Amino acid sequence: MSHTPQLPVLNGWRGLSILLVLAAHLLPLGPKPWQLNYSAGILGMAVFFTLSGFLITSALLREPRVRAFLVRRFSRVVPLAWLAFVIALLVSDASVQTWLAHYLFYGNLPPRQLVPLTLHMWSLCLEVQFYVLAALLVACLRTRGLWLLPVLGLMFTGLRIWHGVYASDISYYRVDEILAGCTLALLMHADAGASLRACLARIPQWPLLLLLVLSCMPLGTWLNFARPYLAAMLVGATLVAPNTGLVRSLDQRFLLYLAVISYALYVIHPLLAATWLGSGDLIEKYAKRPLLFAAVFALAHISTHYFERWFIERGRLLANRLSKTRTPSVAAAVLPVAPPFSGENDGA
C-alpha cells in the first residue's frame, strides 16, 4: 500500500481507548441504570481491537516472517503480563491449572479460569490467541492466508447474532472486532485500495462516531452486531481524511503519551485498585481516586520506559536477526500494537 497511515490519529485513537477503559473501571460515569461505564469500556475496546487487527495485518503483509513477528509480539506483551500474573495468582492462591491457563493465555475460554485480579486480562488472552492464528495462517499459506480472516470475522459475527451476544470476554464472541481491523488492512493494501480510500474519505466522521457509540450501548440493540465494522470504517476514514475536526481533536500530546504507556496502564490499574488506594466506602474510595490515578500513571511510566523497554529492544534485535533486516516493522515503530486493555469486566 503506497498510502502511509497518519500516525498521530492512530496514537490518538489508542490514547482515547485506554482513557475510556480507565474511566470505565475507575470512575462513576453516570447513574447505574444508564450503564455508561459498560458502554465506555465496550467503545474503548472496539477501537483498540480495530487498531490491533489493522496494524498486525499490515505488518505481516509488509514483512511475513512468522518467527520475527512472534518474537516482537511476545517480547512486547509477555514480560509485564507474566509479572502481573505472579502477583495476582500468588495473592489468589490459584491452582496449578489456573496458573497454566494464565501463562498460556487461554484463561478467558470456557471454563474460564481468570481470578478477580486478572479479569481484565481476557483481552490479552484474545490478542495472543489472535497472534498465534495469524502466524499459523502466514506460516501455512503465506500472506494469502490472511484473506481467511475477513471470512472468519463474518462467521464469528454470525455466531454472535445466532446466540444474541452483544459483547463478551470469550474469544469467539469478541474476535470479530479484531478481524474487522484485519479486513480494513487487507482491503487498503489490495489493488482496489485506492477506491476504498476514496470511499472512506467521503464518509462523514462525526455521524459515524455517533453510530459507533450507539453500537456500544445496550439501547443500541441490533446495532451492537455492526460494532466491529463501524469501528473499522471510522478508523479507516480518519486514516485517509486527516484534515477533519475529529482527527485534529485526536492529535493531542496527552493522548500520544497515553498511547505510549497504555499497555502498562492496562495491566497495572486493577492491581493497584485492589490495594488500600482503592479501598473504603463509596466516599472514601473516590476521595482516594486522585492518589490511585497518580500511582497508576507513575508506575506505568516507570514500567514502560525501564522494565518493558529492556525486553522490547532485545526482542527487536532478535527479530531483526531472524528476518535478516534492520528495518523495524511499521507496527513496532509506530505504535505498540499488541498490548490490549480491558473492556467490560469490573463494571465496564
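Only the coordinates and a few stated rules stand behind these numbers; no lab work does. No experiment lies behind these values; they were computed from the predicted model shown. Virtual Cβ from ideal backbone geometry, glycine too; neighbours counted across all protein chains shown.
Summing +1 for each Lys or Arg and -1 for each Asp or Glu among the other residues whose beta-carbon sits under 15 angstrom from that of Thr157 gives +1. So if R0 is 30 Å, what FRET efficiency would Leu148 and Ile203 give, r being the distance between their Cβ atoms, rounded to the nearest 0.05? Working from the Cβ atoms, E equals 0.65.
The length gained on full extension between Leu136 and Ser249, counted as 0.36 nm times the residue separation minus their Cα-Cα distance, comes to 36.9 nm. Over the chain, DSSP H runs of length four or greater, each weighted -39,500 (n - 2.57), average out per residue to a 222 nm ellipticity of -22000 deg cm²/dmol. Helices in the chain that qualify as membrane-span-like (whole DSSP H runs, Cα extent of at least 24 Å along the helix axis, mean Kyte-Doolittle hydropathy of 1.0 or higher) are 7-26, 36-62, 66-92, 122-141, 253-273. Extension gain for Asp93-Tyr286 works out to 66.6 nm (0.36 nm per residue, less the C-alpha to C-alpha distance).
Between Leu318 and Leu256, full extension at 0.36 nm per residue minus the direct alpha carbon distance yields a gain of 19.6 nm. Projecting the alpha carbon convex hull of the chain along each direction and taking the average yields 17.2 nm². Separation of region 19-92 and region 135-181, taken as the distance between their Cα centroids, equals 17 angstrom.
Among residues other than Gly107 with Cβ under 15 Å from its Cβ, the summed charge is 0 (Lys and Arg +1, Asp and Glu -1). Ordering Ser215, Ser279 from the fewest to the most neighbouring beta carbons within 10 Å gives Ser279, Ser215.
Over region 113-205, the reciprocal of the mean inverse Cα-Cα separation, the Kirkwood hydrodynamic radius, stands at 14.9 Å. Anisotropy class assigned to region 164-231 is oblate, per the alpha carbon gyration tensor with a/c at or over the 1.5 cut-off and a/b no larger than b/c.
Only lysines eight or more places from Lys32 in sequence, or on another chain, were considered; those with a Cα closer than 23 Å are Lys285, Lys288. A Förster radius of 25 Å, combined with the Cβ-Cβ distance separating Arg67 from Leu100, puts the computed FRET efficiency at roughly 0.55. Specify whether the C-alpha gyration tensor of region 45-103 places it in the rounded, prolate or oblate class, a ≥ b ≥ c being the square roots of the eigenvalues: rounded for a/c under 1.5, otherwise prolate if a/b is larger than b/c and oblate if not. Prolate, because a/c is 1.5 or more and a/b exceeds b/c.
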